[in-house]
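Engineer: Sending over a structure as structure tokens; questions will come in a sec.
The values are calculated or read from the model by the stated rules, or taken from the named source; none is laboratory data. Keep in mind it's a predicted model, so treat the numbers as computed, not measured. Reconstructed Cβ throughout: ideal geometry from the backbone, glycine too, with neighbour counts over all protein chains shown.
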Amino acid sequence: MTFSETKSRRPSRPLPLALVLLTFVALVAGVALDAACARTKPAPPASDAAISAPRVVSLSPSTTEAIYAIGADASIVGRSRYCDFPPQALALPVVGGFVDPSLEAILGLSPTLVVGGRGPAGQKITDILGQHRIATYFPPTETLADIDTMILELGTRTGHADGARKAVDKVHARIADVENAVRGKGSPRVLLVFGLDPISVAGPKSFPDEMLTRAGATNVITEGTAYPIVGIERILALDPDVVLNAAMGEARSQERITGGAPGWKELRAVKTGHVVAMSDESVLRPGPRVGDGLAVIARGVHPDVVLP
């Protein structure tokens, strides 16, 4: 799920992490639409027959990953162009992007359920598919608890409740392993960067902010929106101990931060060599691999951490 989902061209390689992360900004921008969506009449519930033999189209990577994780992969018949994991999902028909899905392509697959992350396309797609009596599910995934709910509800809606419970238990076990590993290691002050032009970062009360806390870090951005744009002056004033660079989709982003770009070279994190490139797309993808993403962040914050 990314801003670049508005583009029509299918990527030739997995989606860059920075673009995955910037999706969160798009999701926040769609909050007003989500509220309106919540007031619309929901699509009719799936019938018992639809649950026993569901046909699911998934419009976001997180829901696609969840469907495979719960063992409902036989039910998924279509995906967005950015659903790139697990690898077998790449063989599915593509129905457009997250914010520009093709209604014609979706209807052509005769789905009984269309799912995706909550965001700008939610109200429009829900309204249209409801008119075709196709059930939809576009849940929030802005907290770890939200992710649990999303996975469990997909299990219910596809007839794989047991698989969903096992997937959630696996996520919880992985998160517990990470939290136990970082306990007592202190809480370095961390800046998590999504992009450099402009500088976009993780703000308070966001999913990335919760991930930092769980990984044994303190987010230096404590005021403002969940995904703010900030100036280098503010970053200099905050002077983080660690910079996590998740803007890897931008040309030379690591070199720009560590190689003496104006302002950045004065940071404590740069001077001490604590600028960590985050190139794993699971880092902040709100789905069943969130525990693995948490481990990646924990290793970036605490290089000496030992994880099972």
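Engineer: Please enumerate the residues belonging to region 85-103 that are assigned to a loop (DSSP other than H, G, I, E, B), in contact with a strand residue (DSSP E or B) (Cβ under 9 Å, 6 or more places away or on another chain) and closer than 20 Å to residue 66 by Cα.
Structural biologist: Those that are assigned to a loop (DSSP other than H, G, I, E, B), in contact with a strand residue (DSSP E or B) (Cβ under 9 Å, 6 or more places away or on another chain) and closer than 20 Å to residue 66 by Cα: 92, 93, 95.
Engineer: Out of all the residues in region 174-194, is one or more at pLDDT below 95 and under 21 Å from the mean Cα position of the chain (by Cα)?
Structural biologist: Checked against the condition, which is being at pLDDT below 95 and under 21 Å from the mean Cα position of the chain (by Cα), region 174-194 yields at least one hit.
Engineer: Related question: If the requirement is being over 17 Å from the mean Cα position of the chain (by Cα), assigned by TED's automatic domain parsing to the domain that holds residue 59 and in a loop (DSSP other than H, G, I, E, B), which of these qualifies: 165, 157, 133?
Structural biologist: Just one listed residue meets the conditions, 133.
Engineer: Still on this structure, please answer the following. So if I check each of 197, 239, which one is farther than 20 Å from residue 141 by Cβ, acidic (Asp, Glu) and modelled with pLDDT of 95 or more?
Structural biologist: When all the criteria are applied, what remains is 239.
Engineer: Right, something else. Do we find that residue 267 is at pLDDT 90 or above, in contact with a Leu (Cβ under 8 Å, 6 or more places away or on another chain) and not assigned by TED's automatic domain parsing to the domain that holds residue 68 in this structure?
Structural biologist: So residue 267 passes the test.
Engineer: Could you list all residues from region 242-280 that are part of a helix (DSSP H, G or I) and in contact with a His (Cβ under 9 Å, 6 or more places away or on another chain)?
Structural biologist: The answer is 268, and nothing else.
Engineer: Collect the residues in region 168-197 that are in a loop (DSSP other than H, G, I, E, B) and of a type in the set (D, E, K, R), keeping them in residue-number order.
Structural biologist: Listed by number, the residues that qualify are 183, 185, 197.
Engineer: Does residue 106 meet the test of being more than 25 Å from residue 159 (Cβ to Cβ), assigned to a helix (DSSP H, G or I), assigned by TED's automatic domain parsing to the domain that holds residue 63 and β-branched (Val, Ile, Thr)?
Structural biologist: When the stated conditions are applied, residue 106 does not pass them.
Engineer: Looking at region 165-180, can you tell me whether even one residue there is of a type outside the set (Ser, Thr, Tyr), surrounded by 23 or more Cβ atoms within 10 Å (Cβ to Cβ) and either in contact with a Ser or Thr (Cβ under 7 Å, 6 or more places away or on another chain) or farther than 25 Å from residue 82 by Cα (or both)?
Structural biologist: yes
Engineer: Would you check which residues across region 261-308 are more than 23 Å from residue 144 (Cβ to Cβ) and surrounded by 19 or more Cβ atoms within 10 Å (Cβ to Cβ) and list them?
Structural biologist: Selection gives 264, 267, 269, 270, 274, 275.
Engineer: State all residues of region 80-112 that are modelled with pLDDT under 95 and closer than 16 Å to residue 136 by Cβ; if no residue qualifies, say none.
Structural biologist: 96, 98, 99, 101, 102, 103
Engineer: Continuing with this model, one more query. Six or more apart or on different chains, Cβ under 7 Å: which pairs go from a residue in region 281-302 that's closer than 16 Å to residue 64 by Cβ and at pLDDT below 95 to one that's surrounded by 24 or more Cβ atoms within 10 Å (Cβ to Cβ) and among the hydroxyl-bearing types (Ser, Thr, Tyr)? Could you list them?
Structural biologist: 285/62; 286/62; 286/141
Engineer: A further question follows. Does any residue in region 210-232 that is assigned by TED's automatic domain parsing to the domain that holds residue 144 come within less than 6 Å, Cβ to Cβ, of a residue that is surrounded by fewer than 18 Cβ atoms within 10 Å (Cβ to Cβ) six or more places away or on a different chain, and which pairs are these?
Structural biologist: Close Cβ pairs satisfying both conditions: none exist.
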